[in-house]
Amino acid sequence: MSTTPKSLYRDEGIVLRTQKLGEADRIVTVLTRRTGKVRAVAKGVRRTKSKFGARLEPFSHVDLQLYTGRNLDIVSQAESIRSYGPAIVTDYPAYTAGTAVLETADRLTAEEKEPSLRLFLLVVGALRALSERAHPAGLVLDAFLLRAMSVAGWEPALGDCARCGVEGPHRHFSVPAGGSVCRECRPTGSAMPSPVTIGHLEALLSGDWATAEASENAQCREGSGLVAALLQWHLERGLRSLPLVDRSDVAPRAGSGPAA
Ligand SMILES: [Zn+2]
């Protein structure tokens, strides 16, 4: 008799990434709604007739049946709920932003099987917005990153001082301190971003898209830089995908694009 009884469970999730395993199998990393991040083996998916193969690609929202294994769980069934991939991979800004969303979700869930419903919902929301071109891809990404940091307990201070809490707005901004800082608390090397940029980040965090989309190109760029610096500060290693994000569709009304 086996000493580790297999137990079957069902969950839905977003496929974050896949890795080859042996000749025909794949390890899929899925951020699930109820179980948290799960790494599981999908057997035979690289054979041409596999019914799993196409469903278990990054950006796919799938309904899974799994059984627990000794190290990795095993996928026994996969049904597609919605595949965001086809709409995302055909648009370069959406694709690079989406890739950064998936990598961030993977990196923020260091522990497997630790439920994070809020992060799951943020990922689904970001992929939906990217696939539907609801907003410029770079803004969708920055809003996702700000909210994901907030879910992780790292919400940046954008009004009151990050250190002493004295009421803002403050002109100084320190990534190591966690955001806006007052004159007394500001560490050496603090930046002085435009107050309009801080307003832009507040709009992204709160979902005020009318304000965020009205921002000038310069504010979007400065805001993206602050968001990236805050995130990299919290993560042990930098994100590979973040420097590759194509933000050319941000603030298209600034008219910096090539004349076609
Ligand atoms: Zn202070």
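The values are calculated or read from the model by the stated rules, or taken from the named source; none is laboratory data. None of these values were measured; they are calculated from a predicted model. All Cβ positions, glycine included, derive from the backbone under ideal geometry; neighbour counts span all protein chains shown.
Across segment 223-242, the qualifying residues are those that are surrounded by fewer than 20 Cβ atoms within 10 Å (Cβ to Cβ), in contact (Cβ under 8 Å) with a residue 12 or more places away in the chain and not basic (Lys, Arg), and the one among them that is farthest from Asp106 (Cα to Cα) is Ala229. In this structure, does Leu117 turn out to be more than 26 Å from Asp246 (Cα to Cα), modelled with pLDDT of 95 or more and surrounded by fewer than 23 Cβ atoms within 10 Å (Cβ to Cβ)? It is true that Leu117 is more than 26 Å from Asp246 (Cα to Cα), modelled with pLDDT of 95 or more and surrounded by fewer than 23 Cβ atoms within 10 Å (Cβ to Cβ).
Of all the listed residues (Thr104, Thr99), the sole one being at pLDDT 95 or above, touching a Ser or Thr at 6+ places or on another chain (Cβ under 6 Å) and either among the polar types (S, T, N, Q) or at positive phi (or both) is Thr99. Scanning segment 95-122 for residues that are in contact (Cβ under 8 Å) with a residue 12 or more places away in the chain and assigned to a loop (DSSP other than H, G, I, E, B) gives Thr109, Glu111, Glu112, Lys113, Glu114, Pro115, Ser116.
Within segment 232-260, the set of residues being at pLDDT 80 or above and assigned to a loop (DSSP other than H, G, I, E, B) comprises Leu235, Arg237, Gly238, Leu239, Arg240, Ser241, Val245, Asp246, Arg247, Ser248.
Of the set (1) more than 9 Å from the ligand (Cβ to nearest atom); (2) modelled with pLDDT of 95 or more; (3) part of a loop (DSSP other than H, G, I, E, B), all apply to Leu205 but (3).
All of Glu213, Glu167, Glu184 fail the test of being among the acidic types (Asp, Glu) and either more than 16 Å from the ligand (Cβ to nearest atom) or closer than 21 Å to His234 by Cα (or both), apart from Glu213. When you check Ala177 against the structure, is it within 16 Å of the ligand (Cβ to nearest atom) and surrounded by 14 or more Cβ atoms within 10 Å (Cβ to Cβ), yes or no? Yes: the conditions hold for Ala177. Residues in segment 140-164 that are in contact with a Gly (Cβ under 8 Å, 6 or more places away or on another chain), assigned to a loop (DSSP other than H, G, I, E, B) and more than 11 Å from the ligand (Cβ to nearest atom): Trp154, Pro156, Leu158, Gly159. Screening Ala110, Ala137 for residues that are in contact with a helix residue (DSSP H, G or I) (Cβ under 8 Å, 6 or more places away or on another chain) and more than 16 Å from the ligand (Cβ to nearest atom) leaves exactly one candidate, Ala137. Within 16 Å of the ligand (Cβ to nearest atom), of a type in the set (Ser, Thr, Tyr) and either crowded, with 18+ Cβ neighbours inside 10 Å or under 16 Å from the mean Cα position of the chain (by Cα) (or both): is that true of Ser190 in this structure? Against the criterion (within 16 Å of the ligand (Cβ to nearest atom), of a type in the set (Ser, Thr, Tyr) and either crowded, with 18+ Cβ neighbours inside 10 Å or under 16 Å from the mean Cα position of the chain (by Cα) (or both)), Ser190 qualifies.
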